[in-house]
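Here's the structure we're looking at; comments come further down.
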Protein chains: 2
Amino acid sequence: MLNKQVTIKDLARKLRLSVSTVSRALRDVQDINPETKRQVLALAKELNYEPNFIARSLVNKQTKVIGVVLPVIAARYFANALSGMMEVADANGYHIMFCQSDESPEKEASNIKKLVSIRIDGLLVSVSKCTSDTEIFQKVQQRGIPVVFFDRALEHIDATKVTVNQHEGAFLAVEHLIRKGCTKIAHIAGPRHLSIAIDRMNGYLDALQKYNIPFNKEYLLHCEDFQYDAMEKIQALFNLEEKPDAIFTVNDSIAVLCIKYLKELGIRVPEDVAVVGYNNDPVSEVVWPALTTVMQPSFEVGKLATQLLIDEIEQKSTQHFHKVLSSELIVRSSS
Amino acid sequence: MLNKQVTIKDLARKLRLSVSTVSRALRDVQDINPETKRQVLALAKELNYEPNFIARSLVNKQTKVIGVVLPVIAARYFANALSGMMEVADANGYHIMFCQSDESPEKEASNIKKLVSIRIDGLLVSVSKCTSDTEIFQKVQQRGIPVVFFDRALEHIDATKVTVNQHEGAFLAVEHLIRKGCTKIAHIAGPRHLSIAIDRMNGYLDALQKYNIPFNKEYLLHCEDFQYDAMEKIQALFNLEEKPDAIFTVNDSIAVLCIKYLKELGIRVPEDVAVVGYNNDPVSEVVWPALTTVMQPSFEVGKLATQLLIDEIEQKSTQHFHKVLSSELIVRSSS
DNA sequence: CTGTTAGCGCTTTCAG
DNA sequence: CTGAAAGCGCTAACAG
């Protein structure tokens, strides 16, 4: 049943060669007789030889596995980023091993420790909402394992980062609302300590400023946890004297909640109030009216981050970059 | 910078012990002086020793990694199943390495080959829509690597399988429509060769039969690729003389399309036509009216499949099971 | 161009 | 209870 794996030794014996010669023949090294190489390769194929990664790792001190830690795989954005990573990893002979932090810094840390103990060659991470400590990442770097941050990066750490220009995406969204004639534009923002949320908020603020629209403090509300306190913020907005004529939200699920709430109130979207979300989540196509939103290049982020990480692993590059990718506004009927 | 990993040898030297004694102390083996063990453990902690998985794998001939191949990670169902897998794997000291087949049998096969060459200890797979050949899986088994199928399994292969009772889920959905008073119930089914789609269709048929509702051939339509040909089927349905008063669809995205189309036609949901989907996709909560749908226990599927696989790997069980889990009908306002 | 030797970090007989 | 020795499968000097 269990037909043992054929090893380099078996090949050597059958060919009356030494294992080192066989080893050389199997790889792309010079100093090998083409004819010998041919024979070895032929026999290897015939016997269905497969190099043993484990043994190779032990001597080379590199596993060809890249660790990935991200908040949650069930989010479309991260699933797409991961797909991009797998594509590039595959093309370069690397394997991906990923873990989710579930937005918990503790779980994030334990995942990282686990990956490091497996001897990953490099680490790709998108930090949890509450991560602020750089120490663990520095420890990884000190071990000689390159770290690349994607999407959500820590500010005060010297490492390569691939992020998306949140400010620009938000600016585009708000500019679009302004051009549609909206002047009382509210923003339901994300957590105050989360950099991507702050960037989006600043994009909102700067767009208002550029078009000389006075900023109304009452139109800016923060959801501290992205989701569960959203409804009360929305309600607060429509209890104001001066109701907004547009809402830009930090993500699509909040935008969808807005649309539902407005419908209940008999307020028309987009005629009375326009709504724009963020992320191009699948739900955005399905609500009615379909949601205008900002699409981030998640797949590209994954690909680029992985490529840069591999470059660092293979020492092709030694310095750190911060690449910032652009987003795209997708205009649908909610605005 | 690169502070070398401390090895078992370092511990041995400092403690003036032999490596084999240290090795024993580090593991749960008998034949070791408790005091010696204590010392070794203490020093190990102090020096931050971490056992080298790679070296251990090489001698033990087991990697503690489980390979997972699934169609696509961006689908909520699979993301959840994978989360369940990671939970159980983690709790048992295993790691997960996953690949997506993108519904291509070729990519599926190459992923499996890749995983096998990494020397995974076991394989978890949900086959692509078009996979029918059992050969590759048998080859994996012959290598002594246990295979467990989850969600989508191949029929003609002797292996442990964890699936969801599609027939029952569909039956529940249709029964619910019948109890609501619907009698002209249409079904937009999935591909004819895909077993889960066939099971759902049979659940539909059997529910009709049980309640003595005559089957109308015109009310049964197949989408051969799940998505892109859905719209024409829906239209066909409403070009019939005798229009249906309910539609049960093979998945939620088709159900959502139905709702949209019915709205355009000015047909009220659920008053004129009730709609029920399948999967409890996030979109089902967001459409209006919110979609009644069947929720599959994907997380549980992942957990159970992994537990059974680990049992097989560790020889706790040697025979194969086929576990079938139940689904739940989630009633919302579309029916 | 090829063989010999040593060794990666760990486990496992086999003696003591 | 502990140590010596061999070996997992492969790579990497170093001679020849």
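The values are calculated or read from the model by the stated rules, or taken from the named source; none is laboratory data. These figures come from a predicted structure and were not determined experimentally. Positions of Cβ are generated from backbone atoms using ideal geometry, with glycine treated the same way; all protein chains shown enter the neighbour counts. Note: areas computed on protein heavy atoms with side chains; ligands, DNA, RNA excluded. Shrake-Rupley method; radii C 1.70, N 1.55, O 1.52, S 1.80 Å.
Miscellaneous remarks
- The relative contact order of the range B:166-295, computed from alpha carbon pairs under 8 Å that lie at least 6 residues apart in sequence, is 25 percent.
- Each of the peptides B:294-307, A:84-97 was scored by the mean count of other Cβ atoms within 10 Å over its residues; in descending order, highest first, they stand as B:294-307, A:84-97.
- Across peptide B:54-61, the mean count of Cβ atoms from other chains lying within 10 Å of each residue's own Cβ comes to 5.
- Assuming charge only on the beta carbon of Lys and Arg (+1) and of Asp and Glu (-1), the dipole of the protein assembly as shown about its Cα centre is about 2960 debye to the nearest 20.
- Convex hull volume of the C-alpha atoms in the range A:8-51, normalised per residue: 62 Å³.
- Value of relative contact order over chain A, rounded to a whole percent, pairs C-alpha under 8 Å and six or more apart: 17
- The contact residues of the range B:284-332, meaning those that lose at least 30 Å² of 1.4 Å-probe accessible area when all protein chains sit together rather than their chain alone, are B:286, B:288.
- Distance between the C-alpha centres of the range B:165-183 and the range B:275-306: 15 Å, rounded to the whole angstrom.
- Surface composition of the protein assembly as shown: carbon plus sulfur atoms hold 50% of the accessible area, using a 1.4 angstrom probe and ignoring ligands, DNA and RNA.
- In this Cβ point-charge picture (+1 for Lys and Arg, -1 for Asp and Glu), the range A:1-78 has a dipole of about 100 debye about its Cα centre.
- Global form of the protein assembly as shown, assessed from the alpha-carbon gyration tensor, a/c cut-off 1.5: oblate
- Residues of type aspartates and glutamates that residue B:37 reaches as a straight line, Cα spacing below 19 Å, ignoring anything fewer than 8 places off in the same chain: B:10, B:28, B:46, B:50
- Between the listed residues A:305, B:204, A:318, the Cα displaced farthest toward the positive end of the dipole of the protein assembly as shown, a dipole computed from Cβ unit charges relative to the Cα centre, is found at A:318.
- Selection from A:170, A:288, A:181 lying farthest towards where the dipole of the range A:166-295 points positive, charges on Cβ: A:181
- Going from the chain on its own to the full set of protein chains, the range B:66-112 has these residues losing 40 Å² or more of accessible surface (heavy atoms, 1.4 Å probe, no ligands, DNA or RNA): B:73, B:74, B:86, B:95, B:97, B:98, B:100.
- Accessible area buried between chains A and B, both sides summed, probe 1.4 Å, in Å² to nearest 100: 4000
- Residues in chain A average 46 Å² of solvent-accessible surface per residue, probe 1.4 Å, ligands and nucleic acids excluded.
- Charged side chains reduced to their Cβ positions (Lys and Arg at +1, Asp and Glu at -1) give chain A a dipole of some 1720 debye around its Cα centre.
- Low-density loop cleavage sites - chymotrypsin sites (Phe, Trp or Tyr not before Pro) in the range B:226-283, where at most 13 other Cβ are within 10 Å (DSSP): B:228
- With its label point put 7 Å out from Cα toward Cβ, residue B:290 sits 2.4 nm from the same residue's point in the other copies, in order from shortest.
- Global form of chain B, assessed from the alpha-carbon gyration tensor, a/c cut-off 1.5: prolate
- The range B:166-295 shape via C-alpha gyration tensor axes, a/c threshold 1.5: rounded
- Theoretical ellipticity at 222 nm over the protein assembly as shown - DSSP helices of four or more residues, -39500 (n - 2.57) apiece, nearest 500: -13500 deg cm²/dmol
- Neighbour net charge for residue A:123 - beta-carbon separation under 12 angstrom, K R +1, D E -1: +2
- Entries of B:210/B:316; A:107/B:45; A:4/A:113; A:210/A:323 with Cα pairs more than 31 Å apart: B:210/B:316; A:4/A:113
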